[in-house]
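Enquirer: Handing you this structure, nothing more for now.
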């Protein structure tokens, strides 16, 4: 069963990242905006990495008899 | 249990928002302190050039009419000079600026300290020149500080709220 709270968490994080990106770009700090976006991507990847590994494990079971 | 978690989240959010607001406020404070410093030096210039008041008295007069961080510093300088606590005017200025925490950066303080090096050690023409030089440099700093305040105050406020929100979501 999929844990839906993770989806909402990622969605909310995305909204905050968009605000952060806009604020930093408006203040003329484009380089910091890029770093913030990259950090956001890494954080979200860390959140879903266990699910992705679970998915790979599931796929692997289809080919092993 | 849920109540405790909510309180913790609100505390984290409140703390980061507060930190953002306080940091943003320091830019505004620097601007207002620079403006007050400029006004005080204009008044000090008038006292020295036109009424030929001795420096400790002139500083006390300026201090009584200035707003607080700047007024307090000028008062301390005046007392130090009056009670012979400092070797010269420059040292009195240096000690007073060191013992007070201001939002001014070292560049702003150095402009005033450069002025203090000449105070009391030149004729009226020399004083006029150093006052004009100091005020010109201060005006430049005010322009820079105003630009920085306009750009950064909003950004640091939003940054505080956003980073707080992100922390709360990650801890959830």
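The values are calculated or read from the model by the stated rules, or taken from the named source; none is laboratory data. In this text the structure is predicted, and so the values were computed from the model without any measurement. As a convention, Cβ positions derive from the backbone with ideal geometry for all residues, glycine included, and neighbour counts pool all protein chains shown.
Enquirer: Restricted to the range A:51-65, and to residues that are modelled with pLDDT of 90 or more and over 24 Å from residue A:5 (Cβ atoms), which residue is nearest to the chain's Cα centre (by Cα)?
Expert: A:59
Enquirer: Scan the range A:26-41 for residues that are free of Cβ contacts under 8 Å to residues at least 24 places away in the same chain, within 21 Å of the chain's Cα centre (by Cα) and within 12 Å of chain B (Cβ to nearest Cβ) and report the count.
Expert: Count: 4.
Enquirer: Say we look at the range A:42-59 and pick out the residues that are within 12 Å of chain B (Cβ to nearest Cβ) and touching a helix residue (DSSP H, G or I) at 6+ places or on another chain (Cβ under 9 Å); which of these is nearest to residue B:149 (Cα to Cα)?
Expert: Of everything passing the filter in the range A:42-59, A:43 is nearest to residue B:149 (Cα to Cα).
Enquirer: I would also like to ask the following. I'd like to check something: does the range B:69-78 contain any residue that is crowded, with 16+ Cβ neighbours inside 10 Å and not in a helix (DSSP H, G or I)?
Expert: For the range B:69-78, residues crowded, with 16+ Cβ neighbours inside 10 Å and not in a helix (DSSP H, G or I): absent.
Enquirer: Going by the conditions given, is residue B:96 away from chain A (no Cβ under 14 Å), closer than 30 Å to residue B:19 by Cα and in a helix (DSSP H, G or I)? Lay out the reasoning, then the answer.
Expert: Working: away from chain A (no Cβ under 14 Å): yes; closer than 30 Å to residue B:19 by Cα: yes; in a helix (DSSP H, G or I): yes.
Spelling it out, residue B:96 is indeed away from chain A (no Cβ under 14 Å), closer than 30 Å to residue B:19 by Cα and in a helix (DSSP H, G or I).
Enquirer: Can you name the residue in the range B:114-126 that is crowded, with 19+ Cβ neighbours inside 10 Å and at pLDDT 85 or above and, of all such residues, is nearest to the other protein chains (Cβ to nearest Cβ)?
Expert: Once the filter is applied, the top-ranked residue is B:115.
Enquirer: I'm trying to understand the selection: among the residues of the range B:143-172, which are surrounded by 18 or more Cβ atoms within 10 Å (Cβ to Cβ) and more than 14 Å from chain A (Cβ to nearest Cβ)?
Expert: Answer for the range B:143-172, where residues must be surrounded by 18 or more Cβ atoms within 10 Å (Cβ to Cβ) and more than 14 Å from chain A (Cβ to nearest Cβ): just B:145.
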